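One structure below.
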Amino acid sequence: MKRIYQLLFLLLIGFPALAQIRTQAPARPSLTVNGLDLDYFNPKEYIIGGTTLSGSKYTDKEVIIILSKLTRGETITLPGEATANAIKNLWLQGLFDDVKLNISKIVSDTVYFDIEVVERPRLTAFEFIGVTKSQKTDIAERLQDKAGKTIINDNLYNTTKAIINKYLLDKGYFFTTIDFKSKPDTNQENSVILQVLIDKGKRVKVHEINFTGNKDFKSAKLRKFLKKTKQQAFYKVFGSGKFNKEKYEEDKVKLIAKMQENGYREAAILKDSIYRYNDKSIGIDIDLHEGPKYYFGNITWVGNAKYTTEFLEKVFGIEKGQLFSEEKLEAKLRGSANGDDVSSVYLNDGYLTFNIDPVQTKIYNDTVDIEMRIYEGPQYTNNKISVVGNTITNDRVVLRNVYTKPGEKFSKELLVRSIREIGQLGNFDESKTNPIPKPNAADGTVDIEYHVEEKPSDQVELSGGFGGGRVIGTLGLTFNNFSLRNIFNGEAYKPLPKGDGQKLSLRGQTNGKFYQSYSFSFSEPWFGGKKPVSFGLSAFTSLQSNGLSASSSDFQKIRLNGVSVSLGRKLKWPDNWFSLSHAVNLNQYVLNNYPGYLFSTGTSYNLNLTQEIARDSRNHNIFPTGGAYLKFTIQATPPYSLLNNVNYAIASDKLRYKFTEYHKWKFESQWFQTIATLGSKQLVLKAQAQFGFLGSYNNAVGQSAFERFKLGGDGMQGFDFLQGSELIAMRGYSNNSVVPLGANTTIAQSSGSPIFTKYVIELRYPVISSQQATAFLTTFAEGGNTWNKFSDYNPFNIRRSIGVGAKIFLPIFGLLGIDYGYGFDKIPGIPDANKGQFHFSIAQQIGGFN
């Protein structure tokens, strides 16, 4: 009887190793003894003489044998647990559909094993069914590391499901179901293509958001804190947004931050759940812990020697009794966007290693006492200032634009200003400009390295358009980092000498014999190399005719020639954002039977002096998010008619207009303000106003025939290029179409108007903000008008338009833009002036760097 119990016991323990058992897939592992006589009641020790592997084509045989632990030279007991464990270990790898352990032979006390396996097929590719082409691409990118080497097993199924579910959940598909089918890959042995059958369901919206645990906060207010997860409501004309799991997680963090900002420092989400409301929507339950409402208590300062406690309290600006907010606390200590925090006060005064630690020393009832523990550290002085990464631009061009000077105290404000000025050069990728202070504690100095990366800055303008019923071609080249001193150095041509920050522009425009225009300009921002005094020289010539022979009585032409010399400099007063420039301009206008001006035949000279003062505090060239641009310009000629004895009331046109005289006043302002931050992107408001007035010295002479304003269209120069008119863009109206009420439209469009006003309000939102490109969408409202007389001027009597647009800046292509504007107000005599208008702009860049 005892022998029977022993037999049953051994059968239960050694069942997996007793005999080969075949079942339906998945197959079960087994031990085959090949007819050899093993005494299960008297196990015996053997030495493993060797182990072979059969049936394996794609797995590493040595690795499989090692995993089995049936290593040559090891001692094993047969029958015993070692064989069962060997099969179990291999089975758990998930690589095989069947595993069998065979004893191939026993020689004396040595046993030889053979592991026989049936490998599972490998995945060669996915085939996605039930999703769009773009979604297939996105999912394939997320699963690209699976195809080609992965074994088909449960882990693959689970991983694939999880990745696809997460992707579709972020897209708003909350009720996705996924199934799998496989088909053999005829191109590869033991390989399959996995068909992923996806039923996305419908994108869901949030039907309701319910809060529990909130006492002081109303649910409606809490829902407003969820900026990107909105509840459906009948009054939302365009409906609420689709549910996005990732944005919902971000909203939960912001919800708590908003509650804490209102004094609830213990606020937390205890739990939240998302449930199916119906086939098209979900519901969200959020259980909150508000906690008590806290206020700032006693605020003490410790460690401050440089500044008094009274001064720091004034800068800090938070007083006892105000709502407690860690966000506000941090902003006032070191995170203010305006630089008016406590840390900035120290950092702008040389205290580079300054640190402040707000410690909550006591919390009682609804009050939090804080001790400001200050480490001032030593005051640092700038030592070595250097630039790294400028492969083309000379060091001096960069360093002369930085505001951190050797021997001066370190200043965070000047460091930030220096970054802006380097960006204004236009030669470097602004996102990669990185200043690295290196303090030397031993002597109290700091070395500052400005790390930069060159970018293409040369530009080419290639455009074609229509003017006067004919095709106009334009070619313009601008070299923004030119080097005049290397003009005779053949090795410096790449394609022109570069590196000194000078600007050289060449531009030509023609449609054949009817119109030709050519211009040249050169500018040096540091004339003489020692002070920020800019020098500019430009010249142009332009010819337009009706194409007839000069000997013909109907021949018409206008030729313009001009030269200009300018000097300018940056100012330190009222602040260092100001600049002042002066220019002397001499223009010649030669008309022959040419209509559209106050005289049709004759020669006129325009010698004028231009004074311009500007303030530019914009924080970015392409997409400013803050700051302003202001410019006031006065341009005037000598008052010839007041200096001679000519009776202009009876003078001929030839004499009246021989020397053009006028005084011209212009003002432009642009303001940029971030009004909302959506994730990492900023919604920016731009407000702009422009005014222009052209006046005369003598009523007998009247208004100048030139230097007038043409309002309307894209503002791009066509036939009007350098023809004595200033083009002002106004979207929603055709080019030059905004003319004074009651004016002769033909003459007004051709010659322009002496007075104009223009206003713009524009919202800008970036869709791409990367090192490779900047792109933003705009929506705008514009208003403007022109007048012929000051007595008619009314800045509120304007033509109006609205529209949308998009602009993209690429380092290689420059700024490309398209706008669609709709003008509301008709222009008498110009039936196609308003309503829907498309406006295009293009400026292409060339020139890489070596």
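What follows draws every value from the coordinates through simple rules; no lab data is involved. All values derive from a computational prediction rather than experimental measurement. All Cβ positions, even for glycine, are placed from backbone atoms using ideal geometry, and neighbour counts span all protein chains on display.
Compute the length gained on full extension between E81 and V302: take 0.36 nm times their separation in residues and subtract their Cα-Cα distance, giving the result in nm to one decimal.
Numbers: separation 221, 0.36 × 221 = 79.56 nm, distance 7.13 nm.
Contour length minus the Cα-Cα distance gives 72.4 nm.
Which value, in Å to one decimal place, does the Kirkwood hydrodynamic radius take for segment 415-553 when every pair of different Cα atoms is included?
Values: mean 1/r = 0.0533 Å⁻¹.
Taking every pair of different Cα atoms in segment 415-553, averaging 1/r and inverting gives 18.7 Å.
Once both labels are positioned 7 Å from their Cα atoms along Cα-to-Cβ, the gap between E246 and L197 label points is 3.0 nm.
Stokes-Einstein diffusion for segment 504-630 at 20 °C, viscosity 1.002 mPa s, with a Kirkwood radius from C-alpha pairs, works out to 122 µm²/s. Take each peptide in 74-81, 192-199, count the other Cβ atoms within 10 Å of every residue, and average; sorted highest first, the result is 192-199, 74-81.
Work through the residues other than S534 whose Cβ is under 11 Å from its Cβ and net out their charges, Lys, Arg +1 and Asp, Glu -1.
On the way: positive: K503, K531, R569, K570; negative: E524.
Overall, the nearby charge balance is +3.
Given the C-alpha centroids of segment 497-512 and segment 554-623, what is the distance between them in whole angstrom? Result: 18 Å between the Cα centres.
With 13 Å as the cut-off, how large is the P(r) tail for segment 781-843, expressed as percent of Cα-Cα pairs? Show your work: numbers first, answer last.
On the way: 1376 of 1953 pairs.
Tail of P(r) above 13 Å: 70 percent of Cα pairs.
Loop-resident trypsin sites (Lys or Arg not before Pro) (DSSP state other than H, G, I, E or B) in segment 781-832 with no more than 15 further Cβ atoms inside 10 Å of their Cβ: K789, K826. Taken along the Cα-to-beta-carbon direction at a fixed 7 Å, the label points for V107 and A539 span 10.3 nm.
Rounded to the nearest whole Hz, the Karplus-based 3J(HN,Hα) values (6.51 cos²θ - 1.76 cosθ + 1.60, θ = phi - 60°) of segment 62-73 follow the sequence 5, 5, 5, 5, 4, 5, 6, 6, 8, 8, 4, x, with x at glycine and proline.
Provide the FRET efficiency to the nearest 0.05 for the E127-D357 pair, computing r from the beta carbons and using R0 = 56 Å.
Numbers: r = 58 Å, r/R0 = 1.04.
Given R0 = 56 Å and the Cβ-Cβ separation, E is 0.45.
How much length is gained on full extension from F488 to R400, taking 0.36 nm per residue of separation minus their Cα-Cα distance? Walk me through the numbers before you get to the answer.
Details: separation 88, 0.36 × 88 = 31.68 nm, distance 2.51 nm.
So the chain would gain 29.2 nm between F488 and R400.
When every Cα-Cα distance of segment 122-199 is counted in 5 angstrom steps from zero, the calculated P(r) takes the values 3, 16, 29, 26, 16, 7, 2, 1 percent. Summing +1 for each Lys or Arg and -1 for each Asp or Glu among the other residues whose beta-carbon sits under 10 angstrom from that of D285 gives -2.
Can you tell me which of 706-712, 535-541 comes out highest on packing, and rank the rest after it, using the mean Cβ neighbours within 10 Å?
Working: 706-712: 25.3, 535-541: 16.1.
Highest to lowest by the protection proxy: 706-712, 535-541.
At a Förster radius of 60 Å, what calculated FRET efficiency corresponds to the Cβ-Cβ distance of K314 and Q93, to the nearest 0.05? The partial results should precede the final answer.
Values: r = 70 Å, r/R0 = 1.17.
For K314 and Q93, the calculated efficiency is 0.30.
For segment 295-375, the alpha carbon convex hull comes to 81 Å³ per residue, rounded to a whole number.
Computing FRET efficiency as 1/(1 + (r/R0)^6) for K530 and F840, where r is the C-beta to C-beta distance and R0 is 35 Å, gives about 0.20.
From the alpha carbon centroid of segment 65-100 to that of segment 741-780 is 79 Å.
S769 sits among other residues whose Cβ lies under 12 Å from its own Cβ, and their net charge, with Lys and Arg +1 and Asp and Glu -1, is +1.
Computed over segment 205-289, the range of Cα coordinates on each principal axis works out to 37, 24, 23 Å, biggest value leading.
For the chain, what is the charge dipole size about the Cα centre, in debye to the nearest 20, if Lys and Arg each add +1 at the Cβ and Asp and Glu each add -1 at the Cβ?
Numbers: 102 positive and 83 negative charges, 397 e Å.
In debye, rounded to 20, the chain gives about 1900.
Taking only the alpha-carbon atoms of the chain, what semi-axes of the equivalent ellipsoid follow from 5 times the gyration tensor eigenvalues under a square root, in whole Å, largest first?
After scaling each eigenvalue by five and taking roots: 75, 37, 31 Å.
Segment E330..N278, full-extension length gain: 14.4 nm, with 0.36 nm per residue of separation and the alpha-carbon distance subtracted. Calculate how steeply helix 245-261 sits against the longest principal axis of the alpha-carbon atoms of the chain, using the helix alpha-carbon long axis, and give the answer as 0 to 90 degrees to the nearest 10. In the chain, helix 245-261 runs at an angle near 70 degrees to the longest axis.
In this rough spin-label picture, where each label sits 7 Å from Cα along the Cβ direction, the A220-K44 distance is 9.1 nm.
For the chain, what is the mean residue ellipticity at 222 nm derived from helices alone (per DSSP H run of n ≥ 4: -39500 (n - 2.57); sum divided by total residues; nearest 500 deg cm²/dmol)? Before the final figure, lay out the partial values.
Numbers: 16 runs with 139 residues, N = 850.
Calculated at 222 nm, the ellipticity per residue is -4500 deg cm²/dmol.
Convex hull volume per residue, computed on the Cα atoms of segment 381-451, equals 76 Å³. Where in segment 409-443 does the amide nitrogen come within less than 16 Å of the point 7 Å from the Cα of N619, taken along Cα to Cβ? What the label zone holds, given the 16 Å backbone N cut-off, is 412-424, 430-433.
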